[in-house]
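Q: Okay, handing you the structure first.
The values are calculated or read from the model by the stated rules, or taken from the named source; none is laboratory data. As the structure is a computational prediction, the values presented were derived from the model and not from experiment. Here Cβ is always computed from backbone atoms with ideal geometry, including for glycine, and neighbour counts include all displayed protein chains.
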Amino acid sequence: MSEWLNVGKIVNTHGIKGEVRVITRSDFSEERYEVGSTLYLFHPERDGSKPLKVRSHRKHKQFDLVAFEDHPFINDVEGYKGGMLKVSKETLSDLPEGEYYYYEIIGCDVYTMDENKIGEVRDILSPGANDVWVVYNEERRKEYLIPYIDPIIKKVDPANKKVWIEPMEGLLE
């Protein structure tokens, strides 16, 4: 049984040539939307999944615009709105040391180097040059934004769902 990872949600169509607007929830979006790669559409109103081969990809504002082979017109993709594009976990390639897939980091507990628990990684934002981990502290009911940069992130152990950081001044206030 395959485990599926979310790539993005189809929120609308775009133009008349079969493009869909996707809010991406994936790392490595360039790789996911590479021409010729296969994504699987899961729709809440249908059973199972439908394989779709990427014909084209481009960025537009905060969306990824994706078109699929054999879907040249808006009518071909109209019914895909509300669906999730996914990839099988088995198809993911191994990453170089120090790089991680989002699913490996989300859910990790974050500690300072002296073992004080900060919270749990709930989300990952990709606003620019580096990712930012959204860490939630249940006890304080507070969110911390931790940049994924070498001076702060000291050790990552995805197998045990733990991360250690050296917070810079003001980071945890």
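Q: Can you tell me which residue in the range 115-139 is nearest to residue 105 (Cα to Cα), limited to those that are touching a residue at least 40 places away in the same chain (Cβ under 8 Å) and not in a loop (DSSP other than H, G, I, E, B)?
A: Restricting to residues being touching a residue at least 40 places away in the same chain (Cβ under 8 Å) and not in a loop (DSSP other than H, G, I, E, B), the top hit is 121.
Q: Sticking with this structure for a sec: Within the range 56-76, how many residues turn out to be of a type outside the set (S, T, N, Q) and exposed (fewer than 14 other Cβ atoms within 10 Å of the Cβ)?
A: Let us first name the residues in the range 56-76 that are of a type outside the set (S, T, N, Q), namely 57-61, 63-74, 76.
Add one more test, that the residue is exposed (fewer than 14 other Cβ atoms within 10 Å of the Cβ), and what stays is 58-61, 70, 73.
Residues meeting the conditions: 6.
Q: Next question, about the same structure. Mind telling me which of the residues 119, 79, 83 ends up being more than 17 Å from the chain's Cα centre (by Cα) and surrounded by 15 or more Cβ atoms within 10 Å (Cβ to Cβ)? Steps first, please.
A: On the way: 79 fails: surrounded by 15 or more Cβ atoms within 10 Å (Cβ to Cβ); 83 fails: more than 17 Å from the chain's Cα centre (by Cα).
Sole residue among the options that is more than 17 Å from the chain's Cα centre (by Cα) and surrounded by 15 or more Cβ atoms within 10 Å (Cβ to Cβ): 119.
Q: I'd like the full set of residues that are more than 15 Å from residue 130 (Cβ to Cβ) and surrounded by 14 or more Cβ atoms within 10 Å (Cβ to Cβ), limited to the range 140-162.
A: 144, 158, 161, 162
Q: Among the strands (runs of 3 or more DSSP E) confined wholly to the range 7-106, which include 2 or more residues that are in contact with a helix residue (DSSP H, G or I) (Cβ under 6 Å, 6 or more places away or on another chain) and under 28 Å from residue 128 (Cα atoms)? First the steps, then the outcome.
A: Values: elements: 19-24, 38-42, 49-60, 63-68, 84-88.
Correct list: empty, since no element meets the threshold.
Q: Within the bounds of the range 81-96, is there any residue that is at pLDDT below 90, touching a Pro at 6+ places or on another chain (Cβ under 7 Å), of a type outside the set (Gly, Ala, Ser) and not assigned by TED's automatic domain parsing to the domain that holds residue 24?
A: No - not one qualifying residue is present in the range 81-96.
Q: Please determine, by comparing only the residues of the range 1-55 that are among the acidic types (Asp, Glu) and either modelled with pLDDT of 90 or more or farther than 19 Å from residue 101 by Cβ (or both), which one is surrounded by the most Cβ atoms within 10 Å (Cβ to Cβ).
A: The extreme case among them is 19.
Q: Tally time: how many residues in the range 140-170 are outside any strand (DSSP E or B) and under 17 Å from residue 108 (Cβ atoms)?
A: Narrowing the range 140-170 to residues outside any strand (DSSP E or B): 140-141, 148-152, 158-161, 166-170.
With under 17 Å from residue 108 (Cβ atoms) added as a condition, the list becomes 148-149, 152, 158-161, 166-167.
Selection size over the range 140-170: 9.
Q: Pairs please, first residue from the range 80-92 and on the phi > 0 side of the Ramachandran plot, second anywhere and loosely packed, with under 13 Cβ neighbours inside 10 Å, Cβ atoms under 8 Å, 6+ apart in sequence or on different chains.
A: Close Cβ pairs satisfying both conditions: 82/44; 82/45.
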